[in-house]
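Read the structure below first, then the notes.
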Amino acid sequence: MPVLPGAEPYHHDGGPIGVLLCHGFTGSPQSLRPWGEYLAGHGLTVSLPRLPGHGTTWQEMNRTGWEDWYAELDKALAALRERCAEVFVMGLSLGGCLALRLAEVHPKAIRGVVAVNPSLVCDTPLLRLAPVLKWIVPSVRGVANDIKREGVTELGYSRTPVRAAATLLRLWRLVQRDIDRIEAPVLVFRSREDHVVGPASVAFLRSRLADRVEVRELTDSYHVATLDNDAPVIFEGSLGFIRSHASVGLPKDV
């Protein structure tokens, strides 16, 4: 299946600290490419995979589920661990959820987690119906491109594949169940106005991780904040987070 122009994965070989970036549901690496290039520009090794079924067609995505997306990230994490002394995982929306899942499954392997508008709670009534709805309709209206900044577009699907969406419920339950396994510090960026993910996910993290999570509010962005007005806040904040928590030296030009 041909990949949409701009949706290609991104990788940069840098120093001994690696960063695994995880894009969101129905999105593509394009939504995190500027973030990845920023971190690469500061000497970090960066891996930004394209999740299966993403960046092609929503019909293809309907043949995938959360296990496929997680497996791709788990493979990328293993490659970074071979290459780097320490690894941080970071993600947007579903990518933030998958980053947290990686930290649950590999608590000793991950130095820190950064999640932007993470989705870990089913707070959309339509999604609760997805396991039944998938037998009735193949897709519903899309959730991509929730961006405040004019002239910026996310490369994502205009339709949400229902069969793929139905698998999110299982992922969310697993992440909620195992959240206490996370040993790494967690930094969350939360948009004050988000039309895709409600406040329940961040509230859950605050209630369960307590002083292990720091939440910073984004005042001038919608859901896809990595392409929005507050993107520099995220980029600089994530680099500062790495500086604070890495135990190996950063490149001299950082």
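The values are calculated or read from the model by the stated rules, or taken from the named source; none is laboratory data. Everything quoted here is computed from the prediction, not taken from an experiment. All Cβ positions, even for glycine, are placed from backbone atoms using ideal geometry, and neighbour counts span all protein chains on display. What goes into the accessible areas is simple: the full protein's heavy atoms, side chains included, and nothing from ligands, DNA or RNA. Shrake-Rupley method; radii C 1.70, N 1.55, O 1.52, S 1.80 Å.
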_Helix-only estimate, please: 222 nm mean residue ellipticity of the chain, summing -39500 (n - 2.57) across DSSP H runs of length 4 or more and dividing by its residues, to the nearest 500._
-10500 deg cm²/dmol
_If you count only protein heavy atoms and use a 1.4 Å probe, how large is the accessible surface of residue 134, to the nearest 10 Å²?_
60
*Per residue, how many Å² of accessible area does the chain show with a 1.4 Å probe?*
42
*Give, rounded to the nearest 20 debye, the magnitude of the charge dipole that region 10-245 has about its Cα centre when Lys and Arg contribute +1 at Cβ and Asp and Glu contribute -1 at Cβ.*
640
_Share of carbon and sulfur in the accessible heavy-atom surface of region 10-245 [1.4 Å probe, %]_ = 50
*Using a 10 angstrom cutoff on alpha carbons, build the Gaussian network for the chain and name the most mobile of 213, 137, 197.*
137
*Out of residues 5 or more away from residue 145 or on other chains, whose amide H comes under 5 Å of its own, with H placed 1.01 Å from N in the peptide plane?*
154
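Name the helices (complete DSSP H segments) of the chain with a Cα length along the long axis of 20 Å or more and a Kyte-Doolittle mean of at least 0.0, or state none.
What comes out of the filter, once short or polar helices are dropped, is 231-245.
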*Let me know the volume per residue of the alpha-carbon convex hull for the chain, in Å³.*
112
*Using a 1.4 Å probe and counting only protein heavy atoms, arrange 220, 178 so the residue with the most accessible area comes first.*
220, 178
*Report, in whole Å, the centroid distance computed from the Cα atoms of region 1-35 and region 198-248.*
19
*Which of 210, 229, 172 sits closest to the plus end of the dipole of region 99-247, meaning its Cα is farthest towards the positive end, when Lys and Arg get +1 and Asp and Glu get -1 on the C-beta?*
172
*Rule-of-thumb Rg ratio for region 165-254 [Cα; 2.2 N^0.38 Å; N residues]*: 1.24
*Length-normalised contact order for region 10-245 - Cα pairs under 8 Å, 6+ apart - percent*: 22
*Show the residues, 5+ positions off or on another chain, whose built amide H is closer than 5 Å to the amide H of residue 139.*
162
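Among the trypsin sites (Lys or Arg not before Pro) within region 150-235, which fall in a DSSP loop and have no more than 14 other Cβ atoms within 10 Å of their own Cβ? Could the numbers behind the result be given before it?
Working: sites: 159, 163, 170, 173, 177, 181, 190, 192, 206, 208, 212, 216; in loops: 192.
Of the trypsin sites (Lys or Arg not before Pro), the ones in loops of region 150-235 whose Cβ has at most 14 other Cβ atoms within 10 Å are 192.
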*Any chance you could list the semi-axes, whole Å, largest first, of the equivalent ellipsoid that the Cα gyration tensor gives for region 151-204, using √(5λ)?*
24, 19, 11
*Nonlocal amide H pairs with residue 87, under 5 Å, H built at 1.01 Å*: 18, 111
*For region 1-77, just run the numbers: alpha carbon Rg, then divide by 2.2 N^0.38 Å, N being how many residues it has.*
1.10
